[in-house]
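The values are calculated or read from the model by the stated rules, or taken from the named source; none is laboratory data. Not measured: the values here are computed from a predicted model. Every residue, glycine among them, receives a Cβ derived from its backbone with ideal geometry; neighbour counts consider all protein chains shown.
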Amino acid sequence: MKKSVRIGLVILLFLLLILIRAVVQPYFYDPLLDYFKHDYLYKSFPEMDFSIYFWNIFYRYFLNTIISLAIIYLVFNDVKTLYFSIKFYILAFAALSLMLFILLKFNITQNYLLTFYVRRFLIQPLFVFILLPAFYYQKLKAES
C-alpha cells in the first residue's frame, strides 16, 4: 500500500476516534459522565444498571480498540506488533474493567480520582497514544 494512502487512512481513523468521543452522550449509557463533570466531590456515585453500563463500556472499548489496532497496523505494517497490541488490549480491558467494577460495586468514593482515571482508560483511546511512541522507539532501537 502506498505511503500516502496509509497516511490518509491513519488520519481518517483518528477522525473516527474523535467522532466516537463527540457522539458519546446520546448513544452510550454513562451515568458517571455528568457526575464527574459537576458534583463528584459532594455526592455519592449515582445509581446505575451495572449490566447495561458495562456493556456500554465494552462496546466503546471495542470500537476504540478496533480503530486503534488498525492505526497501529497501518503505521508499522507488522503482524507481530499487531498481535502484541491485541494481547495488550485484551489484558488491559480485563484488568481495568475488573478494577472499575470493584470500585463502583463497593462504592469506594474516597478514591474518586482512581475511578475517574480507570474509567477514562476504558472509554477513551489512550492506549494508542502510549503504544505508538513505544513501538516507534522499539523500531528505532532495533534498527541501530
Unmet requirement for A70, which otherwise passes all of (1) over 18 Å from L9 (Cα atoms); (2) modelled with pLDDT of 95 or more: (1)
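Can you find, within region 78-112, the residue that is surrounded by the fewest Cβ atoms within 10 Å (Cβ to Cβ) among those that are without any contact (Cβ under 8 Å) to a residue 60 or more places away in the chain and either at positive phi or not in a helix (DSSP H, G or I) (or both)?
Only one residue fits best here, namely F106.
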Failed criterion for A94 (all others in (1) farther than 19 Å from L9 by Cα; (2) under 13 Å from the mean Cα position of the chain (by Cα); (3) at pLDDT below 95 hold): (3)
Selection from region 55-77 of residues that are under 18 Å from the mean Cα position of the chain (by Cα) and either of a type in the set (D, E, K, R) or surrounded by fewer than 15 Cβ atoms within 10 Å (Cβ to Cβ) (or both): W55, F58, Y59, R60, F62, I66
Given (1) at pLDDT 95 or above; (2) within 18 Å of the chain's Cα centre (by Cα); (3) not hydrophobic (A, V, I, L, M, F, W, C), index of the condition Y137 fails: (2)
Any hit, region 30-42, residues being within 22 Å of M99 (Cβ to Cβ), modelled with pLDDT of 75 or more and part of a helix (DSSP H, G or I): no
